[in-house]
Amino acid sequence: MFKSLKEKLNIFKKKAKDDIDSDEPQPLSQTPSQKVIPKSKFAQKSMKKSGKKMARDAGPTVGMESESGITLQDSIEGSGLKGDDLLKSGKPLVEEKGGLFSKKISDKKLDEFLFELEMALLESDVAQPVVERIKEYLKEELAGVKLDRKTDMEVLVENALRHSIEKVLVTQTFDFDRFIKGANKPIVIMFVGVNGTGKTTAIARIAHRLKEQHITCVLAAGDTFRAGAIEQLTKHAENLGMKIIKHKAGADPAAVAYDAIEHAVARRKDVVLLDTAGRMQTNTNLMDEMKKISRVAKPQLKIFVGDSLAGNDAVIQAQKFDEAVGIDGVILTKIDVDAKGGAALSIAYTIGKPILFIGTGQDYKDLIPFDPKWMTDRLFEE
C-alpha cells in the first residue's frame, strides 16, 4: 500500500536531513573588530565583574548572539514550531545546551529540498494544487525552527512532513454513522461515479456495515443502463438478505429510485441505497440523467465512488460530479493495491469534501472510515 509514495517520501526525508546537516553551524568567534553585546542583565553584570572576555565568562547560558543574529535565549524559548506540532516524536527541537551552535535552516536549503518534495509528489500523481499546499505547510513548519547539534534532523523533517500532509487530508470531517442514526428516515443515499470504480460493490459494503448496526436497508438498482449491474446488485442483496427494487434493463432509473423510496416508507426501512449508471464525466446525456434522478430522489447524501488507482483522473472525475449534482463525500476503492497514493492525498483537498470510507480488500467488511492519521502512519511506517 502506497509503496511508491512511501519510498519517495523516505528518500526525500533522508536527503533533506543530509542537506540540513551539510550546512554545519560555526562556533562563535570574536575578532578585535567585533564586539558581542550580551542580551541579558546577568551577562552584563558578569562582564563588569570579571573584566575578562565576555564570550568565555558568559558561557552557553547567556543571550549571546551567533553570526545569524539568533540568541541562545531565543533558541530555547522560541522553537518556531509549537510543541504539539512535533508531538509524535516527543523530542524537543533544540536542547538547552550547545546554544553556540544554534542555527536556522537556510532559505536556500529549504527551497532546494522543497523542490525535491514537489517532484516526488508529482511522480505519485498528487494534484499540483495539493503539492503546492503541502510545500507551503512544510515551509511554515520548518522556516524559523532553531537547530543545534543534538537536533535529530530526520525526526524533525518527518514530523513536519507528516503534519503538513495531515493538514491537507483534514479538509472536512463527517461522521457517517452518527448522521445515519440521527437523520429523519428513510435516508436516501445516492452513489455516483464512472464505470469500473467498484461503485456497486461499495454500495453492498455500506449495506453490510449498516446491517451490522441493525439498520434496515433497501437497495435500488438504478443502473438500468447495464443489465449486468442489475444482476450484480441483486446478487449482493441475496448475500446480505436485503430487499432490492429493480426494473428491467433500459427502464427509467428515476422511476426505480421513486419506487425504492415508496417501498422504504411503506415498510419503514431506514435507508435507501441508490445505485446509478456508471458514466464518464464527459457524457452530457448521462450526466443530465443523473441530475434527473437526483431531483426525483432528493437524496440526503450523494457519494462519489472513485478508484484510487486512477490518480489525478479520480480527482477530475470528482470535480465534474460535484459540479453536476453536488457530492457530499467520497469513497475511495482499491486503496490496498494503490502504490502511489495520489488520489487519496488530493481528492478531499481539491473538491473540499471529506473522504468517508476507503476500500481495503475484497470482503464486505473491508470498508473502513477514513482517518488521516491512518494514512500518514502507513506513509511513514518502516
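The values are calculated or read from the model by the stated rules, or taken from the named source; none is laboratory data. Values in this document were obtained by computation on a predicted structure and should not be read as measured data. When we count neighbours, we look across all protein chains shown, and the Cβ atoms used for this are built from the backbone with ideal geometry, even at glycine. Areas reflect the complete protein model, heavy atoms only, side chains present, ligands, DNA and RNA absent. Shrake-Rupley method; radii C 1.70, N 1.55, O 1.52, S 1.80 Å.
Mind checking which residues of the range 169-180 are more than 30 Å from THR224 (Cα to Cα) and surrounded by fewer than 22 Cβ atoms within 10 Å (Cβ to Cβ)?
Scanning the range 169-180 gives VAL170, THR171, GLN172, THR173, PHE174, ASP175, ARG178.
For the range 141-184, what are the residues that are modelled with pLDDT of 85 or more, β-branched (Val, Ile, Thr) and over 22 Å from the mean Cα position of the chain (by Cα)?
Across the range 141-184, the qualifying residue is only ILE180.
Taking the range 317-371, which residues are among the polar types (S, T, N, Q), open to solvent by 20 Å² or more (accessible area, probe 1.4 Å) and in contact with an Asp or Glu (Cβ under 7 Å, 6 or more places away or on another chain)?
Across the range 317-371, the qualifying residue is only THR360.
For the range 283-301, what are the residues that are small (Gly, Ala, Ser) and in contact with a strand residue (DSSP E or B) (Cβ under 6 Å, 6 or more places away or on another chain)?
ALA297
With LYS248, LYS298, LYS243, LYS291 as the choices, which residue is out of contact with any Ser or Thr (no Cβ under 7 Å at 6 or more places or on another chain), open to solvent by 70 Å² or more (accessible area, probe 1.4 Å) and under 25 Å from LEU367 (Cα atoms)?
Matching residue, one of LYS248, LYS298, LYS243, LYS291: LYS243.
Suppose we filter the range 302-349 for residues that are closer than 16 Å to THR376 by Cβ, in contact with a strand residue (DSSP E or B) (Cβ under 8 Å, 6 or more places away or on another chain) and either outside any helix (DSSP H, G or I) or acidic (Asp, Glu) (or both); how many remain?
The total comes to 1.
How many of the residues in the range 233-252 are touching a helix residue (DSSP H, G or I) at 6+ places or on another chain (Cβ under 6 Å), among the aliphatic types (A, V, I, L, M) and part of a helix (DSSP H, G or I)?
Qualifying residue count, the range 233-252: 2.
Consider LYS109 against the criteria (1) of a type in the set (D, E, K, R); (2) at pLDDT 55 or above; (3) over 22 Å from GLU7 (Cα atoms): it satisfies all of them except one. Which criterion is unmet?
So the condition that LYS109 fails would be (3).
Taking interchain pairs and intrachain pairs at least six residues apart, which have beta carbon atoms under 6 angstrom, with the first residue in the range 289-314 and within 17 Å of LYS199 (Cα to Cα) and the second part of a helix (DSSP H, G or I) and charged (D, E, K, R)?
Close Cβ pairs satisfying both conditions: VAL305/LYS199.
Yes/no per residue for (1) part of a helix (DSSP H, G or I); (2) touching a strand residue (DSSP E or B) at 6+ places or on another chain (Cβ under 9 Å):
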| residue | (1), (2) |
| --- | --- |
| GLU154 | yes, no |
| LYS167 | yes, no |
| LYS211 | yes, yes |
| VAL218 | no, yes |
| THR224 | no, no |
| GLY228 | yes, no |
| GLU231 | yes, no |
| ALA254 | yes, no |
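Could you list, in sequence order, the residues of the range 139-154 that are open to solvent by less than 40 Å² (accessible area, probe 1.4 Å) and not basic (Lys, Arg)?
Selection gives GLU141, LEU142, GLY144, VAL145, LEU147, ASP148, THR151, MET153.
Anything in the range 354-376 that is more than 11 Å from the chain's Cα centre (by Cα) and not in a loop (DSSP other than H, G, I, E, B)? List them, or say none.
LEU356, PHE357, ILE358, GLY359, LEU367, ILE368, PRO369
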